[in-house]
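Worksheet: one structure, shown below.
What follows is calculated from the coordinates using simple rules that are stated; it is not laboratory data. Every value quoted in this text rests on a predicted model; they were computed, and no experiment measured them. Because the Cβ atoms are built from the backbone with ideal geometry, glycine has one as well, and the counts that use them run over all protein chains shown.
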Amino acid sequence: MQFILELSKSLKVDPRACIKAFFTRIKQAEKQYLDAFNDELESFKQRVRERAEIRLETARKEVEEEERQARLGPGGLDPIEVMESLPKEMQACFESKDIGMLQEVVAKMDPKDAEYHIKRCIDSGMWVPGGGAEQEGDPENSEEQEEGAAGGSEPTYSTLENVD
């Protein structure tokens with residue numbers, strides 16, 4: 001079909017007028033005509049392959065973006081990106097899930113740097129201030145969390161000391 005359309009464009013005639021001539025020449029197997037047909041066929045196949053690659057790449061990017069959006073924490077940050085941006089010592093703490101070690105690392109850091117990194121961890125959902133006390137059904141810690149949230153104070157690295 002594509003060859004017939006291209007042929008009709010080059011001859012400046014209606015594509016329907018080229019159909020009979022196309023099949024007649026294919027049956028006769030004229031060398032020049034078959035070569036042109038095969039070249040057009042290969043060109044068409046290449047365009048299809050290139051378009052398929054573009055569509056696959058677009059689909060991959062869409063899936064990756066959907067996965068990234070699903071991962072975003074409460075503050076809108078991607079935990080994977082935050083984890084990669086943390087200092088090596090803090091990464092090790094999160095990988096080992098060692099709160100004591102994390103408290104030691106944060107205590108050794110510059111307070112502004114520590115607050116910056118912990119805030120990013122909270123915004124990504126990697127760290128939950130209060131240690132999930134609401135989920136465990138501890139009403140005392142739940143009230144403290146609500147008071148802290150209502151007071152408008154930003155959680156800082158000092159919240160790590162209160163975690164069980």
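Under 8 Å by Cβ, and 6 or more places apart or on different chains, what pairs join a residue from region 88-110 that is within 15 Å of C121 (Cβ to Cβ) with one that is of a type in the set (G, A, S) and surrounded by 12 or more Cβ atoms within 10 Å (Cβ to Cβ)? Listed by first residue and then by second, the contacts come to M101/A92; V106/A114. Does F23 satisfy being without any contact (Cβ under 8 Å) to a residue 40 or more places away in the chain, surrounded by fewer than 12 Cβ atoms within 10 Å (Cβ to Cβ) and of a type in the set (F, W, Y)? Spelling it out, F23 is indeed without any contact (Cβ under 8 Å) to a residue 40 or more places away in the chain, surrounded by fewer than 12 Cβ atoms within 10 Å (Cβ to Cβ) and of a type in the set (F, W, Y). Considering region 57-113, the qualifying helices (runs of 4 or more DSSP H), each wholly inside and each with 1 or more residues that are basic (K, R) and over 17 Å from V128 (Cβ atoms), run over 88-96, 99-108.
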